[in-house]
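Engineer: I'd like to ask you about the structure that follows.
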Amino acid sequence: MLFVTEGKDAETINAFAENFTAQDGDLEAVESTSIDMSPAFIKGVTGHLPNTRITFDKVHVIARASTAVDKTRRIEQKADSSLKGLCWKLLRDRASLTPNVRIDLDALVAQVTTKRTTRAWLYKEQLREILEASRSMSSAICSRDGPPT
């Protein structure tokens, strides 16, 4: 970690850029940046760090997917009342659900071919698994090779 400051706009990235260059840092040499999905942060990073690869954190990626699942459920439940009351069951991590809630969710998943909400939820859960596998793989590589030099 190189820099932490308050703020949620492109000016925050400008403050980093000024601090980094004041310490003889080369903005063009920055290879990777982890930020949230704020358009202002994206704009600031692409404006100041032209060669960086942006990585979004898992929490914000899953939150965006969960929002899409909920929007799909809201639209679909207007025509299908069986989806009412499923909001929190669909948005929580499956691993943290109680057995009874999992049964309700499994009944919904069994209808994957007929419900868009089910497909949206499955996509979100697959995304969560991909991000977790990627994180595990990164941890394994770092522990095997040691910290980057």
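Engineer: Being among the acidic types (Asp, Glu), without any contact (Cβ under 8 Å) to a residue 40 or more places away in the chain, part of a helix (DSSP H, G or I) and surrounded by 13 or more Cβ atoms within 10 Å (Cβ to Cβ) narrows it down to one of 125, 129, so name that one.
Structural biologist: 125
Engineer: Moving on. If only one of 85, 25 is part of a loop (DSSP other than H, G, I, E, B) and at positive phi, which one is it?
Structural biologist: 85 is the lone residue from the list that is part of a loop (DSSP other than H, G, I, E, B) and at positive phi.
Engineer: Going residue by residue through the stretch 47-58, is there one that turns out to be without any contact (Cβ under 8 Å) to a residue 24 or more places away in the chain, touching a strand residue (DSSP E or B) at 6+ places or on another chain (Cβ under 6 Å), over 24 Å from residue 124 (Cα atoms) and not acidic (Asp, Glu)?
Structural biologist: Scanning the stretch 47-58, I find at least one residue that is without any contact (Cβ under 8 Å) to a residue 24 or more places away in the chain, touching a strand residue (DSSP E or B) at 6+ places or on another chain (Cβ under 6 Å), over 24 Å from residue 124 (Cα atoms) and not acidic (Asp, Glu), so the answer is yes.
Engineer: Okay, next question. Only one of 28, 18 is of a type in the set (D, E, K, R) and touching a Pro at 6+ places or on another chain (Cβ under 8 Å); which?
Structural biologist: Step by step, each of 28, 18 is checked, and only 28 is of a type in the set (D, E, K, R) and touching a Pro at 6+ places or on another chain (Cβ under 8 Å).
Engineer: Check whether at least one residue in the stretch 47-57 is within 16 Å of the chain's Cα centre (by Cα), part of a helix (DSSP H, G or I), at negative phi and of a type outside the set (S, T, N, Q), and report yes or no.
Structural biologist: Looking for residues that are within 16 Å of the chain's Cα centre (by Cα), part of a helix (DSSP H, G or I), at negative phi and of a type outside the set (S, T, N, Q), one finds none in the stretch 47-57, hence no.
Engineer: Same structure, new question: Which condition number does residue 44 fail, the rest of (1) in a helix (DSSP H, G or I); (2) within 24 Å of residue 130 (Cβ to Cβ) being met?
Structural biologist: Just one mismatch for residue 44, condition (2).
Engineer: Output the residues belonging to the stretch 93-103 that are at pLDDT 85 or above and touching a helix residue (DSSP H, G or I) at 6+ places or on another chain (Cβ under 8 Å).
Structural biologist: 97, 101, 102
Engineer: Here's a follow-up. Go through (1) in a helix (DSSP H, G or I); (2) surrounded by fewer than 14 Cβ atoms within 10 Å (Cβ to Cβ) and name the single condition residue 6 misses.
Structural biologist: With respect to (1) in a helix (DSSP H, G or I); (2) surrounded by fewer than 14 Cβ atoms within 10 Å (Cβ to Cβ), residue 6 is out only on (1).
The values are calculated or read from the model by the stated rules, or taken from the named source; none is laboratory data. Source: prediction; values computed, not measured. Positions of Cβ are generated from backbone atoms using ideal geometry, with glycine treated the same way; all protein chains shown enter the neighbour counts.
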